[in-house]
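Following: one structure in C-alpha cells, then a few remarks.
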Amino acid sequence: MTIVSHELFASVFDRLHVAQPHAYSYQTLATSTNRDWQYVSMYEGAVVAMPEGSIVDESLRYGAYCMNMTVSGELVLGARYDGTAHQDWTGPGYFSMLPPIGQVHWTSTAPGQVYHLFLSPQLVEAIAAELYHGDPACVGLPFLFNRHDALVEQICWAMRQELYHPAPASRLYVETLAQSLVTHLLRHHAPAQPPLMRPAPQLRPAAIRAVCEYIEAHLEQPLGLAELAQVASSSIATLARQFKLATGLSPHQYVVRRRLERARALLQEGAGSVSQVAYATGFADHSHLVRSFQRYYGLRPGDLLPAKKKIHVVGTNIQDLTDPRMAE
C-alpha cells in the first residue's frame, strides 16, 4: 500500500502566495516528517503578519486526501472546486476535505492556524471497498467544505497532539485513529451510505491467534495495522473490527497491554533499568514507559525493581508485600 510522501506536503506550502501586491508570512509550526507513520502525514502552519485588506490566495493539488482543520482564527473561507464556488465563515474545529485527484483554489480573509492531515488514497479506498462491498461507484470521499463534526474534531485533535508530543505514540495508535476517522467520514459524509444487511467479513480464530503470536514475537519493534492485517490475510478494517470482537481490545490497546505486562515481568526479574526495559518492550523512551505504567498500574516502574519495595502484581491490582497489613 502506498505511503503518503513526506515531501508532498512540504512542497505544497512552498507554493503559497498572495494574489494582492502584499506580503505575508506563512510559518511552519509542526510536521510529521521524522515520524515512522504509514498512510498518514500531518502538517500545521499559520498565516501571520497578514496586512489589512490582503487575501490569502492559493491554488493547490495535493495528490492525497487532505483534510484542513482550523485550529485558531475566525475568517471567511472561500474555495472553488470542480467549477463550483463555496464561501462561508469558519472557525476552530471546522474542516474541509480535498480528494487526491482534484485541485482547489482557496481564499481566506484573515490570519489563521490550520492543521493539515494527509491520508493515503489506498487507505481510504480499501476501507470504502469493504464498507460498500466492492461497489466501484463508492470508492472514496468527495470534496467537503467547511463541515463540523464532533467526532471528526475529537479524532483530529488526538492525532494533532502527536505532532507536538516529545515522545509520540506508536505508528499503530496513529493508524488506528486514521482508520476510525476514514470509516466515520465514509459512513456520515459520503454521498452514498454503506449497505447494512450484508454480513461483514469474518476472521477465523487461527488468524486472530497468528496476529497475537506475531505481536508477542515483535513487541519491541514498531508495529502497524498493515503488517498485522497481512499476518491475518485480511484488510486493515476487517482486522481492526474482528480483533476487537475476539479480544475485547483494539490492536493498539492489545499491544500496549502486552508491552506493559512484559515490562512488568522484566522489571520484577531485575532484567535491566527502566530505560533498558522501555526500549526492550517497544516504548519510545523512559518517560513513555513511566507515563503508561502509572496510568495502567498506578505506580512508577522503578518501584518494581528488586532494590525497591517488594511488590506483587496480579492483573492491574498491585499489593505491597512490605506493608505490615498484608501479613495479617
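Things worth noting here:
- Close pairs from the range 63-75: first assigned by TED's automatic domain parsing to the domain that holds residue 155, partner of a type in the set (Val, Ile, Thr) and assigned to a strand (DSSP E or B), Cβ under 8 Å, at least 6 apart: 68/114; 69/114; 70/90; 70/114; 71/114; 74/90; 75/90
- Among the residues of the range 21-46, those identified as surrounded by 16 or more Cβ atoms within 10 Å (Cβ to Cβ) and modelled with pLDDT under 75 are 24, 26.
Conditions (1) closer than 19 Å to residue 36 by Cα; (2) among the β-branched types (Val, Ile, Thr); (3) in contact (Cβ under 8 Å) with a residue 24 or more places away in the chain, marked per residue:
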{"residue": "230", "(1), (2), (3)": "yes, no, no"}
{"residue": "242", "(1), (2), (3)": "no, no, yes"}
{"residue": "260", "(1), (2), (3)": "no, no, yes"}
{"residue": "278", "(1), (2), (3)": "yes, no, no"}
{"residue": "283", "(1), (2), (3)": "yes, no, yes"}
{"residue": "288", "(1), (2), (3)": "yes, no, yes"}
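- Residue selected from the range 93-129 under the condition among the small types (Gly, Ala, Ser) and closer than 18 Å to residue 184 by Cα, by the criterion nearest to the chain's Cα centre (by Cα): 120
- Selection status of residue 240, part of a helix (DSSP H, G or I) and at pLDDT below 90: yes
- From the list 120, 96, the one residue that fits, being farther than 15 Å from residue 37 by Cα, of a type in the set (Ser, Thr, Tyr), crowded, with 19+ Cβ neighbours inside 10 Å and in contact with a strand residue (DSSP E or B) (Cβ under 9 Å, 6 or more places away or on another chain), is 96.
- Filter result for the condition that a residue is over 19 Å from residue 254 (Cβ atoms) and modelled with pLDDT of 80 or more, over 321, 304: 304
- Selection status of residue 236, in contact with a helix residue (DSSP H, G or I) (Cβ under 7 Å, 6 or more places away or on another chain) and closer than 24 Å to residue 297 by Cβ: no
- The range 245-266, residues that are surrounded by fewer than 18 Cβ atoms within 10 Å (Cβ to Cβ), assigned to a helix (DSSP H, G or I) and either under 18 Å from the mean Cα position of the chain (by Cα) or at positive phi (or both): 253
The values are calculated or read from the model by the stated rules, or taken from the named source; none is laboratory data. Computed from a prediction, not measured in an experiment: that's the story for all the values here. Positions of Cβ are backbone-derived with ideal geometry, glycine not excepted, and every protein chain shown enters the neighbour counts.
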